[in-house]
Amino acid sequence: MWVPFINEKLAVIGATGTGQLPVTCELWCGLCQVMRKEPPQVATCFLKTVINSWYTTHRMGEVPRLCCIFGCPDKEDNLKHYLCCTPMWALAVSACGLPLSFLSSDPLEKLCIFNKSAPGLKLLSVVFRGYHALKLNQRCLIDTCIANNDFEDILLLFVRICSELWRFH
């Protein structure tokens, strides 16, 4: 039941078209085994990401709709972009002390669907929770950074949030 739903959602968020086969029952079961060994929030963040459940202004239909809160020019505040957002991922990888190999440009690799990486799933959890900590608790700061086209304060805060979240994994 989950597998067709997951494949449908991956297409919606743009995490397909990389030459990988769709998610199979065997692949899904293997991924679930890896997630069971992690803290519950890791699986929750993974599932919320796969089903496009980030609280972005585009998904929620908020007005005004934001651009990328990490300063990517001409990019929208939506999950499809954030799966490829170089500043967000580079800052999170650095804050978590992970190797640069985690900076893949392939959204499916960031979602750890095929590689079933426990550290990758934890990183996704940190990114999910870090984004939401900013978006839901720092809207005035985000608006100021966008208005001034200066994202340094958001980027520094995101690094601090990610570092703290990683320590608790």
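At least 2 residues being under 17 Å from PHE151 (Cβ atoms) and within 13 Å of the chain's Cα centre (by Cα) is the threshold, and among the helices (runs of 4 or more DSSP H) wholly inside the stretch 6-97 those reaching it are 79-82, 86-95. Flag not set for THR24, criterion: under 26 Å from CYS140 (Cβ atoms) and among the polar types (S, T, N, Q). In the stretch 133-149, the residues that are free of Cβ contacts under 8 Å to residues at least 60 places away in the same chain form Cβ pairs under 7 Å with partners that are among the acidic types (Asp, Glu), at six or more places apart or across chains, as follows: LEU141/ASP153.
In summary, ILE113 fulfils each of the numbered conditions (1) at pLDDT 95 or above; (2) among the β-branched types (Val, Ile, Thr); (3) not in a helix (DSSP H, G or I) with the single exception of condition (1). Count of the stretch 38-82 residues, restricted to those that are closer than 15 Å to GLY130 by Cβ and either surrounded by fewer than 16 Cβ atoms within 10 Å (Cβ to Cβ) or polar (S, T, N, Q) (or both), is 5. Residues in the stretch 98-110 that are polar (S, T, N, Q) and assigned to a loop (DSSP other than H, G, I, E, B): SER104, SER105. Given the condition part of a helix (DSSP H, G or I), within 25 Å of CYS25 (Cβ to Cβ) and among the charged types (D, E, K, R), answer yes or no: does some residue in the stretch 121-134 qualify? Taking every residue of the stretch 121-134 in turn, at least one turns out to be part of a helix (DSSP H, G or I), within 25 Å of CYS25 (Cβ to Cβ) and among the charged types (D, E, K, R). Summed over the stretch 114-141, residues that are surrounded by fewer than 22 Cβ atoms within 10 Å (Cβ to Cβ), over 13 Å from CYS96 (Cβ atoms) and not small (Gly, Ala, Ser) total 12.
The values are calculated or read from the model by the stated rules, or taken from the named source; none is laboratory data. Remember, predicted model here, so these are calculated numbers, not experimental data. Cβ: placed from backbone, ideal geometry, glycine included. Neighbour counts: every protein chain shown.
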